[in-house]
Amino acid sequence: MTMALVVTRAAGFGERPNLPETTLVMANPANGCSPYAHEVANKVVLVRRGSCRFVTKARMAYWANASGLIVMDDMHRGEPGFNATDGIDDNGRWEVRMHSDDSVHPSGDFPQEAHLPPSVFVSYASGRRLERLVQDMSSSQHLHDVLVALNTTAEVYQPYTEDLGILELRLSTFIDLVYTMLPFMGYAYASSFCFVLLSTFYARAVETSASYTKQYVRRSIWRRLAVVPYGGPLHHGYTCSICLDDFVLGHPVKVLPCPHAYHQDCIDRWFEKGSNACPMCKREAFS
């Protein structure tokens with residue numbers, strides 16, 4: 001929870017009250033007249049009036065490295081509508097200005113007044129409200145800090161996107177875009193992967209089909225070549241040029257357009273290896 005304390009009259013010592021959001025803690029001891037028994041560095045300390053001078057309370061806060069000091073009245077001063085049980089009415093018009101009676105501050109023992117932390121005085125009702133907020137927020141149900149800002153305008157700083165640097169703004173916009181598009185990017189990646197996979201399989205299938213088709217056509221052509229029984233050397237020669245065996249009368253031979261004759265099995269195996277030319281003259285037997 002964050003609240004701003006409006007400073008109408010600053011203390012007569014210490015820095016001017018212009019403190020951004022800072023954690024508020026209650027002093028221990030409550031009057032803040034002696035060194036604190038707990039850590040208050042970089043925090044605003046809430047103390048009660050009395051037992052010592054205001055400037056002494058400010059010095060204790062300074063030595064504890066506190067960021068600021070809030071002094072609450074130790075009793076109500078007849079604020080209109082004040083309820084002694086709750087003490088939460090702040091409508092009274094009264095003012096207390098904290099000041100120092102010291103005219104000389106030995107530098108070896110005390111800090112200069114200008115170096116003391118920002119200090120403000122609040123009514124008993126306002127102090128009780130702050131005490132209850134700290135107690136409630138530090139309970140087991142909340143465990144949150146109470147943040148206070150001391151200024152003269154009652155403004156609490158809220159970070160906006162416009163306050164970011166241009167690089168941070170672009171980075172934030174890019175991250176938001178990625179988160180927005182992430183579900184659709186999953187579908188896009190899956191669709192792209194399936195498309196590439198199917199395209200690869202299709203290309204390979206077409207290539208394989210073309211190869212098988214070409215082989216089938218070639219096979220059908222050479223198998224239709226004329227097969228005749230060997231009738232003697234006058235027509236077909238004596239020997240098969242592939243296996244170098246002599247022809248036997250009546251044995252089936254395949255005659256190419258060149259025309260050279262070969263054993264049927266020999267020339268079929270020759271064509272199956274991919275050639276379409278005659279082994280002897282290299283003339284194409286088919287195309």
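No lab work stands behind these numbers, since they all come straight from the coordinates. Everything quoted here is computed from the prediction, not taken from an experiment. Quick reminder, even Gly has a Cβ in these numbers, built from the backbone with ideal geometry, and neighbours come from all protein chains shown.
Pop the C-beta distance of D246 and Y212 into the FRET formula with R0 = 30 Å and round what comes out to the nearest 0.05. According to the calculation, E is roughly 0.20. For every other residue with a beta carbon closer than 14 angstrom to the beta carbon of Y36, add +1 if it is Lys or Arg and -1 if Asp or Glu, then tell me the sum. Around Y36, the surrounding residues sum to +3. Listed by Cβ neighbour count within 10 Å, with the fewest neighbours leading, S34, S192 appear as S192, S34.
In terms of other Cβ atoms within 10 Å, K273, K43 run from fewest to most in the order K273, K43.
Using Cβ contacts closer than 10 Å as the measure, can you line up C33, C281 from fewest to most?
Working: C33 17, C281 10.
If I rank by nearby Cβ atoms, fewest first, I get C281, C33.
Taken along the Cα-to-beta-carbon direction at a fixed 7 Å, the label points for W63 and R132 span 3.5 nm. Give the distance, in whole Å, between the Cα centre of the stretch 16-39 and the Cα centre of the stretch 180-198. Spelled out, the Cα-based centre of one part sits 58 Å from the other. For Y230, the amide hydrogen comes within under 5 Å of the amide hydrogens of G250, H251, V253, counting only partners 5 or more places away or on other chains and with H modelled in the peptide plane.
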